[in-house]
Amino acid sequence: QRVCYRHAVRASARRAARVTTVSEYVRRDVLSRLRLDPNRVVAIPNGVDYPDPSPTQHGAADRPFVLYVGGHERRKNVAAIFRAMQCYWERFDPSLELRLTGSVESLCSDAAPVLRRLPDDAPLRFLGTPADDELAGHYASARALLLLSHDEGFGLPVLEAMAHGCPVIAAANAALPEVVGDAGILVNP
């Protein structure tokens, strides 16, 4: 399937009048892999709607928390989030909660053992798949969004967080620096 997919993508890209990507990072990757005319490949970044301010979105959280929004595959580097939070809890504030979308069962093989090494009383909560209005409330109430991915073609949670006024701490690699710009903190993942 992979070989067929790669062949179909190459053939389609060569026939297309224009190829669009979600970031300059992906544009450079497409140019490198598919060897297309650079004038035919255009980056058009994603966008989000500004949130509709409402009392449910901006209500106070029951306790201070940082937020991770995304999947749990290896490239998302959730293991680093667990390690960073463990350091934070030990050195600064053991009560700051970590909230993550998804479930324990969805963790990749890198993140699951790191989670098991955390203390049983570590302040973390898996949110499952929150509805849009619930997620908006999490963004609006979080102290920060953490996104430490090794690879992101865009990083939509970063843009969503910033639209909700949530501070962002993101990995200084892939497309994240171009999405965050100087509006957040970029770190070594």
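The values are calculated or read from the model by the stated rules, or taken from the named source; none is laboratory data. Fair warning: this is a prediction, and the values are worked out from it, not measured in the lab. So basically every Cβ, Gly included, is an ideal-geometry build from the backbone, and we count neighbours across all protein chains shown. Heads up: the accessible areas ignore ligands, DNA and RNA and are worked out on the full protein's heavy atoms, side chains in. Shrake-Rupley method; radii C 1.70, N 1.55, O 1.52, S 1.80 Å.
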Would you check if there is a residue in the range 47-68 being in a helix (DSSP H, G or I) and touching a Gly at 6+ places or on another chain (Cβ under 6 Å)?
-> no
Qualifying positions in the range 76-109 - polar (S, T, N, Q), part of a helix (DSSP H, G or I) and in contact with a Gly (Cβ under 7 Å, 6 or more places away or on another chain) | none
In the range 98-114, how many are among the charged types (D, E, K, R) and touching a residue at least 12 places away in the same chain (Cβ under 8 Å)?
-> 2
Which of the following residues is in contact with a Leu (Cβ under 8 Å, 6 or more places away or on another chain) and assigned to a helix (DSSP H, G or I): ALA161, ALA112, ALA140?
-> ALA161
In this structure, is ALA131 without any contact (Cβ under 8 Å) to a residue 24 or more places away in the chain, open to solvent by 20 Å² or more (accessible area, probe 1.4 Å) and in contact with a strand residue (DSSP E or B) (Cβ under 9 Å, 6 or more places away or on another chain)?
-> no
Flagged in the range 1-21 as in contact with a strand residue (DSSP E or B) (Cβ under 7 Å, 6 or more places away or on another chain) and open to solvent by 50 Å² or more (accessible area, probe 1.4 Å), in numbering order, are ARG18, THR20
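Conditions tested, residue by residue: (1) open to solvent by 40 Å² or more (accessible area, probe 1.4 Å); (2) in contact with a Phe, Trp or Tyr (Cβ under 6 Å, 6 or more places away or on another chain); (3) in a strand (DSSP E or B).
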| site | (1), (2), (3) |
| --- | --- |
| ALA122 | no, no, no |
| ALA136 | no, no, no |
| LEU145 | no, no, yes |
| HIS150 | yes, no, no |
| ASP182 | yes, no, no |
Looking at ALA144, ALA140, ALA111, which one is more than 21 Å from ARG63 (Cα to Cα) and of a type in the set (A, V, I, L, M, F, W, C)?
-> ALA111
Matching residues, the range 111-166, being within 24 Å of PHE92 (Cα to Cα) and of a type in the set (Phe, Trp, Tyr) = PHE126, TYR139
Say we look at the range 96-120 and pick out the residues that are acidic (Asp, Glu) and touching a Lys or Arg at 6+ places or on another chain (Cβ under 8 Å); which of these is surrounded by the fewest Cβ atoms within 10 Å (Cβ to Cβ)?
-> ASP110
Going through (1) more than 19 Å from ALA170 (Cα to Cα); (2) buried (at least 18 other Cβ atoms within 10 Å of the Cβ) one by one, GLU90 fails only at (2)
